[in-house]
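All of the numbers you see were taken from the coordinates with simple rules; none came from a lab. From a predicted model like this one, the values you see are computed outputs, not experimental measurements. Neighbour counts are summed over all protein chains in view; Cβ atoms, including those assigned to glycine, are modelled from backbone coordinates with ideal geometry.
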Amino acid sequence: MNAPLRRAEIDLDAYRANLDLVRDWMDPVEVMAIMKADAYGHGLEPIALAAVDAGIRWIGVLTVPAALRLRAIGVGEDVHLFTWQHDPALDFRDAIDSAVDLGVSNAAELQRVIDAVDQRPARVHLGVDSGLHRDGATADAWPELVSLAVAAQRAGRIVVVAAYTHLAETSDDDDSAAVAVFDRAVETAEDLGLDVPMEHVAASLAGLERKEFRKDMVRMGGNLFGIPGADGVSAADLGLEPVMTLTASVAKTKRVPVDTGVSYDYTYRTATETTLALVPVGYADGVPRLAQGRVEVAIGGKRYPIAGRVAMDQFLVDVGDDEVQVGDTVVLFGTGERDELTVLEWAAALDTIGEEIVCRIGSRVPRVYEGHDVEGRVGEYLRGEP
């Protein structure tokens, strides 16, 4: 069967099933569906529309421009869009007018938000640095941030929606210490006259493994895409379904003699007369050069090793004497149902995490959406319908 040159198949039914499963786990706690990095490489708009149709009412998208993209395609204000990484030159006016929630880490940043307020108050989440040291206010800076927030809220300039932090997920003891820092910060805020309506601290791994850290809401990312973060735990172990399957087609085949050098630097030589199959996916598409000798791809339900260097636009596999033909489907990673590796197996082979693998898949790899949700608003978006 012929296949497209390369594509990433996105199973919206799997995403929906993962959403339902995770919400059952977290019940009665709210779930924020995290969709940073273009929904972990799966495509922000289709994934967001599928999540909204499934009943999700909190989405995290990292930046204001990403949130405005979702407002532009009809994600209404009944869905809260949380952002927390802001360009220092960003004018917050459009975000405020579009009811985008703004994570704020310091008094100077909050003042920029306050100055941008026009007709409606800004929705603000105050960030606490509990030890990860990426964002959030330190213990020393927290009182200044809270005091400014109290004054701005009393003046009707902002609405404080929540306090939040992010955990390092290094160890149970470290995470417990971090949550204790956060809890003290909330107590300090209340002492300074700020009512904190909502708290969120846990992401996918901590939300799954530490029930006591779930607070009012858990931010779920990798689990929703079938990529659990716990060491040694597969998607199948948790009942999750991988959402992305990366496939290509065999572009060329070539019969070569024994001791043929393959690809750059001849790091691979054939052991016998054999057939080489060219797969038109390379490191420009997100397949690391380190994949040589570490991962295998599946053709016709059988695995074959990558032979030689992964190039920018392609790699070769040694298929021996098997009858592999131009147009045959090559499955790089997926659910494992066709004897292919899963994204977690790729990650283990390359000494990384599954999220990095899917986020690396480049823009010239078309995303092809499948599942019943394609018949709804996702389909309307993909067809360009208003």
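General remarks:
- Sorted largest first, extent of region 244-372 alpha carbons per principal axis (Å): 46, 29, 24
- Computed from Cα positions, the angle between helix 172-191 and the longest principal axis of the chain comes to roughly 30 degrees.
- Cα-based Rg and Dmax for the chain, where Dmax is the largest Cα-Cα distance (Å): 23.8, 80
- Ranked Ile306, Ile114, criterion: other C-beta atoms within 10 Å, fewest first: Ile114, Ile306
- Residue order for Phe82, Phe225, Phe92, fewest other beta carbons within 10 angstrom first, comes to Phe92, Phe82, Phe225.
- Rh by Kirkwood over Cα pairs, then Stokes-Einstein D for region 193-279 at 1.002 mPa s and 20 °C, µm²/s: 121 µm²/s
- The order of Trp58, Trp142, going from fewest to most other C-beta atoms within 10 Å of their C-beta, is Trp58, Trp142.
- Spin-label model distance (nm) - Arg338 vs Asp78, 7 Å beyond Cα toward Cβ: 3.9 nm
- Applying the criteria of a DSSP loop state and at most 14 other Cβ atoms within 10 Å to the trypsin sites (Lys or Arg not before Pro) of region 289-318 yields Arg294.
- Extension gain for the segment Gln119 to Asp322, taken as residue separation times 0.36 nm less the Cα-Cα distance, is 66.2 nm to one decimal.
- Note that region 33-172, at 20 °C in a medium of 1.002 mPa s, gets a Stokes-Einstein diffusion coefficient of 138 µm²/s from its Kirkwood radius over C-alpha pairs.
- Distance between modelled label sites at Arg134 and Val368, nm, 7 Å Cα→Cβ extension: 3.3 nm
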